[in-house]
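Below is one structure, written out as structure tokens, with a few remarks after it.
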Amino acid sequence: MRFAHFSDIHLGFQKSRPLQDVEQDVFERALDDCIRRSVDFILICGDTFHANIPEMRVQKFAFAALRRVHEAGIPVYVIYGSHDFSPSATSVIDLLVETGYITNVQRLASNDDGTMSLGFVTDEKTGAKLAGISGLGASKDITYYEKLDRGPLEAEQGLRIFMLHGAISEMRTADDAAQAADAAMPLSYMPRNFDYYAGGHMHRYNRGKFDDYPHVVYPGTLFAGFHSDLEENARGATRGYVLAEFDDTGITDVRQIEIKNCEYDMVRVNATHKTSHAVNEEIGQKLAGAEPADKVVILSVSGRMSEGKTTDVDFAAISDSLQKKGAVEVKISRRQLSSAEYEITESKGETAEEIAVNSFGENIGQVDSGVAELTGRRGVELAKRLLDILGRPALENEPLNVYQERITGEAMAALELDGEQK
């Protein structure tokens, strides 16, 4: 028997049409591979979508793709991630549950003594028992783990799988910590001695083995959910899903199944102690021999120039030139580029996400709100969450007043405020 483990697909993240096509193609090919391998079921551990209500194009595609899996007789079990969950509005995940194409695994209930109970969903074909806790914004789901009554979960017999969407301290690398603002929780928060711990939220493939926790696995993103994921792809990161095999004795094999996405060219230029004219020349020389056709080109320029303005580096012309040569997409990272003559004080970072985290982190300590949720890492993640919500565009044919009401409601819910509070 075998199951597939996905996470952090982030359908709807890509904004350019070429990368939208790659995003959808990768997901379709991954599902086709699962059908071809006749997996018994599929797990998706959060952030299936980049927003709880993605644009209609994304919804239509996802329904068609998951319908094919349903028609192939393969159950799909999911939990929410922090991106595709909303406490105030119906999510597209809810609609997919209603159609029967997927099953939400979380069965969480509050007890009279203040603890929380978690129930199982049993896969009908294999008898595997699934339990899971969805990921929430600002790491609020950690309180569920702190109150969780683990005794009944650990006493349950049979093959057990625990689904989670959150960072585990023992599995987190320095790079993971630098990318994310949210808090990590210790592995001991999980019920012990489950056969498999299916993780989501961390975008790199990672697999660990610990006492009482034999298989802790993060498949990573399937393609990209952050701009930095594209840079990791260009540096050779392997993307895909995890295939696990099991029998009556437990898990017998775990391996990553690679699903290739697209070709990349990555060019790095160090502008330190160089003039803007010299930087332009170096970029031109490095790109002269490039063959960008049908590739994503990532140009990263960093360092403190000795002369000239950062705007003297003609990134627009560079991008236009590469696209005329057939590049699928051109991504330019220049946030770490500065000039000795025109110094601008700003938070640094390779990507928009890193800049947001750094900016919020550097400034949040200057405000004494008296509210724990608005300080430290939790405050930074809440700020990021609000920035994401407020930056979402209107849906196709969505009236302005409906759009404003929807975004306001999601922002208020993220802040745990009702309409009468200010």
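Values computed for the structure shown
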item: Failed item in (1) part of a loop (DSSP other than H, G, I, E, B); (2) surrounded by 18 or more Cβ atoms within 10 Å (Cβ to Cβ), with residue 93 passing the rest; result: (1)
item: Tally of residues being more than 17 Å from residue 44 (Cβ to Cβ) and touching a Cys at 6+ places or on another chain (Cβ under 9 Å) across segment 216-233; result: 1
item: In segment 221-246, the residues that are within 23 Å of residue 266 (Cβ to Cβ) and either among the aromatic types (Phe, Trp, Tyr) or in a strand (DSSP E or B) (or both); result: 223, 226, 240
item: Matching residues, segment 53-84, being surrounded by fewer than 24 Cβ atoms within 10 Å (Cβ to Cβ) and closer than 17 Å to residue 414 by Cβ; result: 53
item: Residue in segment 96-107 that is within 26 Å of residue 410 (Cα to Cα), surrounded by fewer than 16 Cβ atoms within 10 Å (Cβ to Cβ) and in contact with a Leu (Cβ under 7 Å, 6 or more places away or on another chain) present; result: yes
item: Qualifying position, being in contact (Cβ under 8 Å) with a residue 60 or more places away in the chain and surrounded by fewer than 22 Cβ atoms within 10 Å (Cβ to Cβ), among 126, 122; result: 126
item: Any hit, segment 11-24, residues being touching a Cys at 6+ places or on another chain (Cβ under 8 Å), surrounded by fewer than 21 Cβ atoms within 10 Å (Cβ to Cβ) and outside the structural domain of residue 383 (by TED's automatic domain parsing); result: yes
item: Options 416, 362, 353; residue that is crowded, with 18+ Cβ neighbours inside 10 Å, of a type in the set (Asp, Glu), modelled with pLDDT under 70 and under 22 Å from residue 183 (Cβ atoms); result: 353
item: Residues being assigned to a loop (DSSP other than H, G, I, E, B) and of a type outside the set (A, V, I, L, M) - total across segment 295-343; result: 12
item: One residue from 339, 302, 321 being farther than 23 Å from residue 236 by Cβ, in contact with a strand residue (DSSP E or B) (Cβ under 8 Å, 6 or more places away or on another chain) and either among the aliphatic types (A, V, I, L, M) or modelled with pLDDT of 85 or more (or both); result: 339
item: Flag if residue 136 is at pLDDT 95 or above, of a type outside the set (Ser, Thr, Tyr), crowded, with 19+ Cβ neighbours inside 10 Å and farther than 17 Å from residue 102 by Cα; result: no
item: Flag for residue 384 being at pLDDT 60 or above, assigned by TED's automatic domain parsing to the domain that holds residue 275 and either closer than 30 Å to residue 23 by Cα or out of contact with any Gly (no Cβ under 8 Å at 6 or more places or on another chain) (or both); result: no
item: Subset tally (residues that are farther than 14 Å from residue 269 by Cα and surrounded by 16 or more Cβ atoms within 10 Å (Cβ to Cβ)) for segment 296-306; result: 1
item: Residue check for residue 40: crowded, with 23+ Cβ neighbours inside 10 Å, of a type in the set (Asp, Glu) and closer than 24 Å to residue 163 by Cα; result: no
item: Residue match in segment 206-220 (condition: among the hydroxyl-bearing types (Ser, Thr, Tyr), assigned by TED's automatic domain parsing to the domain that holds residue 31 and in a loop (DSSP other than H, G, I, E, B)); result: no
item: Filter result for the condition that a residue is touching a Cys at 6+ places or on another chain (Cβ under 6 Å) and either of a type in the set (Lys, Arg) or not in a loop (DSSP other than H, G, I, E, B) (or both), over 65, 4, 30; result: 4
item: Residue that is modelled with the lowest pLDDT [pool: residues in segment 1-51 that are under 27 Å from residue 294 (Cβ atoms) and small (Gly, Ala, Ser)]; result: 16
item: Selected residue (criterion: surrounded by the most Cβ atoms within 10 Å (Cβ to Cβ)) from residues of segment 139-170 that are free of Cβ contacts under 8 Å to residues at least 60 places away in the same chain and among the small types (Gly, Ala, Ser); result: 166
item: Residues within segment 104-142 that are charged (D, E, K, R) and in contact with a Gly (Cβ under 8 Å, 6 or more places away or on another chain), tallied; result: 3
item: Residue within segment 42-56 that is part of a helix (DSSP H, G or I) and within 21 Å of residue 141 (Cα to Cα) present; result: no
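The values are calculated or read from the model by the stated rules, or taken from the named source; none is laboratory data. Keep in mind it's a predicted model, so treat the numbers as computed, not measured. Using ideal geometry, Cβ is built from the backbone for each residue, glycine included, and neighbour counts are taken over all protein chains shown.
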